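Asker: Would you mind keeping the following structure in view while I ask a few things?
The values are calculated or read from the model by the stated rules, or taken from the named source; none is laboratory data. Since the structure is predicted, the reported quantities are computational estimates derived from the model, not experimental observations. Cβ placement follows ideal geometry from the backbone for every residue including glycine, while neighbour counts extend to all protein chains displayed. Surface accessibility is based on the protein's heavy atoms, side chains included, excluding ligands, DNA and RNA. Shrake-Rupley method; radii C 1.70, N 1.55, O 1.52, S 1.80 Å.
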Amino acid sequence: MKRAPATAKLNLALVVGPRRDGKHELTTVYQRLDLADRVALAPAARLSVTGFSDDTLVRRALEGLAAAAAVPPRWEARLTKRIPVAAGLGGGSSDAATVLRLANETLERPLPPANVHALAAELGADVPFFLTQGPQLGEGDGTSLTPLELPQDYWVVLILPQGASKLTSGAVFAAFDDRDGPKGYRNRRAALKRALKATRRARDLAQLPPNDLESSPLADELLAHGAFRADVTGAGPVVYGLFQHLDTARSAKAKVEARGRTWLTAPAWYG
């Protein structure tokens, strides 16, 4: 049985533009985290996915791979969930990408990387990122990826606010459109790319523009407790804070624990 971590991700920046061909154009900075689900996969007599009863994405990933490779979908996938579900951390997308990679390795004739990337893109905008190494700039609908050289020497505190429930992606983007959010997209995208070019040290990440889709007062609390950057990741509701020093991060985590579930983690290069 093959085993691998399926890491969480942060959107260190998320700039969203107008809808094109049914999807919003966006520019985002993807960063892996050490927080991870665990995935185990083995060939089996039939397709089964256990460990997370609400899964649909992993099953779809394996069915899509089997169809593309012209083989029966005969794998057993076991998921151990550690990433909170529907939180903006990409847990489901990471699980799907990980089983794609592991299952492809079991094929007599594995599909080439470009084909696996295409299958991942059909599953969701975040999924192809989890097939890559290191931070990535996502453009288009998020699936067009360019590697980034970004500092990795910082700590991350995550908060899933108490009582928070994530709206559907459609509802989040509809609210964004209703407040005329796409206006000024080109300027915000240009500002994001300038900030990336100027980033040398971890603290330079503070100059990235804020998340276009969501904001939270918890970000201000994390900044008050010593974070050099804090924001919502993806469409939320998880809020993150970046910290230069471990002691400061631990202290901040303790101070916000009454606000919801919290985690202390760090950047990861690969799952």
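Asker: How big is the dipole moment of the chain about its Cα centre under a simple scheme where the beta carbon of each Lys and Arg is +1, that of each Asp and Glu is -1, and everything else is neutral? Debye, nearest 20, please. Intermediate values should be presented prior to the final figure.
Answerer: Working: 35 positive and 28 negative charges, 73 e Å.
Approximately 340 debye in magnitude.
Asker: Looking at the square roots a ≥ b ≥ c of the eigenvalues of the Cα gyration tensor of the range 1-71, which shape do they give, rounded for a/c under 1.5, prolate if a/b is larger than b/c, or oblate?
Answerer: Values: a/c = 2.82, a/b = 1.55, b/c = 1.82.
Oblate, because a/c is 1.5 or more while a/b does not exceed b/c.
Asker: With charges only on Cβ, +1 for K and R and -1 for D and E, what is the dipole size of the range 1-141 about its Cα centre, in debye, rounded to 20? Write down the numbers at each step before the final one.
Answerer: On the way: 17 positive and 15 negative charges, 71 e Å.
So the dipole magnitude of the range 1-141 works out to roughly 340 debye.
Asker: Can you tell which of G241, P43, V85 lies farthest toward the positive end of the dipole of the chain, using +1 and -1 charges on the Cβ of basic and acidic side chains (Lys, Arg; Asp, Glu)?
Answerer: Value computed over the given set: G241.
Asker: Along the charge dipole of the range 49-132, Cβ charges K/R +1 and D/E -1, which of A121, W75, V58 sits furthest on the positive end?
Answerer: Highest projection toward the positive end goes to W75.
Asker: Using per-residue counts of other Cβ atoms within 10 Å, averaged over each peptide, order 61-73, 21-33 from highest down.
Answerer: Working: 61-73: 17.2, 21-33: 19.9.
Per-residue Cβ counts within 10 Å, averaged per peptide and sorted highest first, yield 21-33, 61-73.
Asker: Let me ask something else. With no solvent and one point per C-alpha, what does the Debye sum give as log10 I(q)/I(0) for the chain at q = 0.07, 0.11, 0.14, 0.17 Å⁻¹?
Answerer: After summing over all Cα pairs, the log10 values are -0.25, -0.61, -0.98, -1.35.
Asker: Can I ask one more? Can you give the Rg/Rh ratio of the range 116-162, where Rg is from the C-alpha atoms and Rh is the Kirkwood radius? Display every interim value, and only then the final one.
Answerer: On the way: Rg = 13.2 Å, Rh = 12.3 Å.
Answer for the range 116-162: 1.07.
Asker: Highest mean first, how do 10-20, 34-44, 232-242 rank when packing is the count of other Cβ atoms within 10 Å averaged over residues?
Answerer: Values: 10-20: 21.1, 34-44: 18.7, 232-242: 25.2.
Packing order, densest peptide first, comes out as 232-242, 10-20, 34-44.
Asker: In degrees from 0 to 90, rounded to the nearest 10, what is the angle of the helix 246-256 Cα long axis to the longest principal axis of the chain?
Answerer: Once rounded, the angle reads 90 degrees.
Asker: Follow-up question, since we're still on this one. Counting only helical runs of four or more DSSP H residues, what would the 222 nm mean residue ellipticity of the chain come to if each run contributes -39,500 (n - 2.57) and the total is spread over all its residues?
Answerer: On the way: 7 runs with 82 residues, N = 271.
That comes out to -9500 deg cm²/dmol.
Asker: Quick one: pull the percent of accessible area on the range 67-164 belonging to carbon and sulfur, 1.4 Å probe, ligands and nucleic acids left out. Provide the component values of the computation, followed by the final result.
Answerer: Working: 2090 of 4170 Å².
Whole-percent figure for carbon plus sulfur exposure: 50.
Asker: Further, regarding this structure: Over the Cα atoms of the range 222-271, what Rg and Dmax result, in angstrom?
Answerer: Cα-based Rg and Dmax for the range 222-271 come out at 11.0, 32 Å.
Asker: Listed here are the pairs K9/K255; K23/K193; K81/K255; K81/K197; which of them are more than 32 Å apart at the Cα? Spell out each step's value before the answer.
Answerer: Details: K9/K255 23 Å; K23/K193 21 Å; K81/K255 26 Å; K81/K197 36 Å.
Table pairs above 32 Å Cα-Cα are K81/K197.
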